[in-house]
Amino acid sequence: MKTEVSVFSKKKKQQAMKVIEKMEASYEFYSDEVKKSKKLPDSYFTNFLHESTKQEVKGGVISVFTDHSIVDTLKGDYVRLNTKIINCLRQYYPSLTDNKEVFKSNLQDIAGNPRPVRIFSIADIDLSQHKCLFQIILIDPFHLVIPSDHGGLNSREMEQQAFNSNSRNEVCMSTYVENMQRQR
């Protein structure tokens, strides 16, 4: 029996994370659509890549496509949904409602250190089987869905700077990964 955990309060979040941390986690893409890049200028969002995109970011995208287990859900966080976040996530998960639990996670390397790509997923929790299936619903290589303060800039300034730096990107994530896999 799958159970959706409602965790909008901090106390409930901590309780839910304790349960999820002890579960067997698996990962999958919600759909193949998640692998495709989109641009939403009104929401200051893009996940298109460019040849000049940092290699660590492009490598992170490849890693998500090839090894979902690098999504660091144990250090992940629940997302409080707002209009912008909902607009971005609905591009990939159209049935998203404001009461659906969404996780925001970074990728981790072999040593457990964070990598620069952010992943949004929903969790299907099966308490009877002690399992949690994370369905990846959005890949955010530039942290544009939920920008944060960085380098002396506030989150709004970071959002504008990151979007302006990447708004002309035209390489779809799936195309980039396919091309890299053909070269191997």
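Suppose R0 equals 30 Å; then what is the FRET efficiency for residue 56 and residue 83 from their Cβ-Cβ distance, rounded to the nearest 0.05?
Values: r = 31 Å, r/R0 = 1.02.
Efficiency, from the Cβ-Cβ distance: 0.45.
With the calculation restricted to Cα positions, what are the radius of gyration and Dmax of region 90-184 in angstrom?
16.2, 47
For the chain, which whole percent of the accessible surface, found with a 1.4 angstrom probe, sits on carbon and sulfur atoms?
Roughly 47 percent of what the probe reaches on the chain is carbon or sulfur.
With every protein chain present, what accessible area does residue 158 have (1.4 Å probe, heavy atoms only), rounded to the nearest 10 Å²?
Approximately 40 Å² for this residue.
Given charges of +1 on the Cβ of Lys and Arg and -1 on the Cβ of Asp and Glu, with all other atoms neutral, how large is the dipole of region 16-140 about its Cα centre, in debye to the nearest 20?
Values: 17 positive and 17 negative charges, 70 e Å.
Taking the Cα centre of region 16-140 as origin, the dipole is about 340 debye.
With every protein chain kept in place and ligands, DNA and RNA left out, what is the accessible area per residue of the chain? Probe 1.4 Å, answer in Å².
55
The values are calculated or read from the model by the stated rules, or taken from the named source; none is laboratory data. Computed from a prediction, not measured in an experiment: that's the story for all the values here. Glycine gets a Cβ as well: all are built from the backbone with ideal geometry, and neighbour counts include every protein chain shown. With ligands, DNA and RNA removed, areas are computed over all heavy atoms of the protein, side chains included. Shrake-Rupley method; radii C 1.70, N 1.55, O 1.52, S 1.80 Å.
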